[in-house]
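To keep things clear, I will list the structure first and then write my remarks on it.
The values are calculated or read from the model by the stated rules, or taken from the named source; none is laboratory data. Predicted, not measured: the structure shown is a model, and the values here were computed from it. Cβ sites come from the backbone with ideal geometry, for glycine too, and all protein chains shown count toward neighbours.
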Amino acid sequence: MRTRDRGVALILALLVLVILVVVILQMTASSLHNRTVADNHLADLQNAYGARAGYTRALLYLQADLDQKPEVDSLQERWAAPIDFDLGRAQVRVTIVDAERLLNLSQLVNDKGEQNPVVCAQLRRLVKVLRHTPDMADRIIDYIDGDNKGEFESKAKNDRLYNLEELLRVDGLPAEVIYGGIVSGEERKGLREFLTIWPRTTPEGNGTTAGMVNINTASSEVLQSLSDQMAPGLADAIVAYRTQPGPDGKPQQFEKADDLKRVQGMSDGLFNDLAGKVTVKSSTFEIRCRGTVGKVEKTWVYVVQRKGGTAPGAATTTGTPPAPTPPPPSGTAAPATGAPAAGATLTLIGSQMLNDFASIKPPDVQR
């Protein structure tokens with residue numbers, strides 16, 4: 001009898017021990033989870049302030065450029081190189097891209113949703129240059145334009161894009177065409193790296209027209225999309241001109257559109273065809289700020305536009321700095337110190353928080 005009682009007591013003791021172990025393990029797991037959540041929130045907050053600091057620093061670079069040489073923007077200028085710095089634990093990288101080096105999908109249509117023939121033709125040429133099938137351009141145009149008369153109106157939004165990742169919703173437009181990858185057994189570049197949606201409307205008071213391409217910053221592919229007469233070799237020659245040393249030994253840049261005539265192979269007919277499509281300065285800039293703490297990342301893109309005067313020393317900024325979260329309202333920008341106001345401003349016209357998957361090729365797309 002005593003032996004049986006001892007056996008029962010042993011079993012009960014083991015059961016209690018198991019329960020205690022389970023409880024302790026659960027409490028430990030819960031504690032580790034709560035700590036991880038708290039660390040992630042802290043890292044996210046630090047990244048947000050890092051992005052805010054990156055945005056403000058980018059404004060200072062753009063202002064300094066406007067002070068020094070407001071009539072020309074090129075890839076030789078300081079704003080065109082990545083900006084890296086640390087803010088506490090956050091590692092911050094800032095890249096500034098002028099929208100004038102890209103094809104603006106927002107300008108495929110006017111405010112009434114009617115197609116802009118010049119920009120639509122440019123998109124069709126770009127698709128051809130990248131060796132994708134012609135229908136890819138028509139699918140994008142039908143998705144954006146305001147009518148329902150096109151051949152590819154299935155699931156069409158019939159409005160301007162909110163961001164470029166919305167191209168994934170275009171019926172029949174493969175991810176490989178958007179981001180690049182293997183298409184029909186060949187490695188091909190994607191449309192994504194040559195496109196923008198900014199500005200959404202025609203800029204006012206900055207001396208440029210929406211949809212114009214900056215010949216100092218545009219890639220060979222975008223230059224080829226400007227005209228049927230633009231051969232790949234000539235577009236490459238324009239890009240090469242920007243890296244050749246000038247009389248002062250520094251890389252050259254186009255000071256005015258007429259300087260295109262200096263490029264070997266530029267004909268009068270092609271130059272006249274490019275008139276009204278090219279510029280040597282930029283007015284809209286996408287500021288991409290990424291903060292990284294450990295494995296936690298946050299990316300914001302801010303879009304600023306130069307408006308007003310162009311005299312050296314005339315740059316100012318308007319509004320108040322954007323809070324780290326939520327995104328700042330359009331029409332404001334961080335204040336910057338420097339020259340007194342004389343008409344020129346940097347105005348925030350848009351901001352978006354991006355997820356990592358939204359700014360790079362999806363992992364399931366093989367190159």
Of the residues Gly309, Gly319, which is modelled with pLDDT of 50 or more and over 29 Å from Phe194 (Cβ atoms)? Gly309
Taking first residues from segment 75-90 that are touching a residue at least 60 places away in the same chain (Cβ under 8 Å) and closer than 19 Å to Leu102 by Cβ and second residues anywhere that are assigned to a helix (DSSP H, G or I) and among the aliphatic types (A, V, I, L, M), the pairs with Cβ under 7 Å that are 6 or more apart or on different chains are Trp79/Leu62
Go through segment 29-44 residue by residue and tally those that are within 29 Å of the chain's Cα centre (by Cα) and either over 13 Å from Gly294 (Cβ atoms) or among the acidic types (Asp, Glu) (or both). 2
Just wondering, is there one or more residues in segment 156-173 that are more than 24 Å from Gly276 (Cα to Cα), surrounded by 17 or more Cβ atoms within 10 Å (Cβ to Cβ), modelled with pLDDT of 90 or more and hydroxyl-bearing (Ser, Thr, Tyr)? no
So for segment 223-241 (the condition being charged (D, E, K, R) and closer than 27 Å to Cys120 by Cβ), does at least one residue qualify? yes
What tally of residues in segment 246-284 results from selecting those that are outside any loop (DSSP other than H, G, I, E, B), in contact with a helix residue (DSSP H, G or I) (Cβ under 8 Å, 6 or more places away or on another chain) and surrounded by fewer than 17 Cβ atoms within 10 Å (Cβ to Cβ)? 2
Test each condition in (1) surrounded by fewer than 20 Cβ atoms within 10 Å (Cβ to Cβ); (2) touching a helix residue (DSSP H, G or I) at 6+ places or on another chain (Cβ under 8 Å); (3) assigned to a loop (DSSP other than H, G, I, E, B) for Glu221 and report the one that comes out false. (3)
Wholly inside segment 101-201, helices (runs of 4 or more DSSP H) that include 2 or more residues that are in contact with a Phe, Trp or Tyr (Cβ under 7 Å, 6 or more places away or on another chain) and of a type in the set (Gly, Ala, Ser) are none
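When you go through Ala64, Ala58 one by one, which is the residue that is surrounded by 21 or more Cβ atoms within 10 Å (Cβ to Cβ) and either part of a helix (DSSP H, G or I) or β-branched (Val, Ile, Thr) (or both)?
Only one candidate qualifies: Ala58.
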Could you figure out which of (1) without any contact (Cβ under 8 Å) to a residue 24 or more places away in the chain; (2) more than 15 Å from Ser106 (Cα to Cα) isn't true of Lys157? (2)
Restricting the search to segment 109-119, which residues are buried (at least 19 other Cβ atoms within 10 Å of the Cβ) and closer than 24 Å to Pro232 by Cα? Val119
Using the structure shown, decide if Thr243 is among the hydroxyl-bearing types (Ser, Thr, Tyr) and crowded, with 17+ Cβ neighbours inside 10 Å. no
Are any residues in segment 1-55 of a type in the set (S, T, N, Q) and either without any contact (Cβ under 8 Å) to a residue 12 or more places away in the chain or exposed (fewer than 10 other Cβ atoms within 10 Å of the Cβ) (or both), and if so, which ones? Thr3, Gln26, Thr28, Ser30, Ser31, Asn34, Thr36
Within segment 90-97, is there a residue that is under 30 Å from Lys295 (Cβ atoms), assigned to a strand (DSSP E or B) and charged (D, E, K, R)? yes
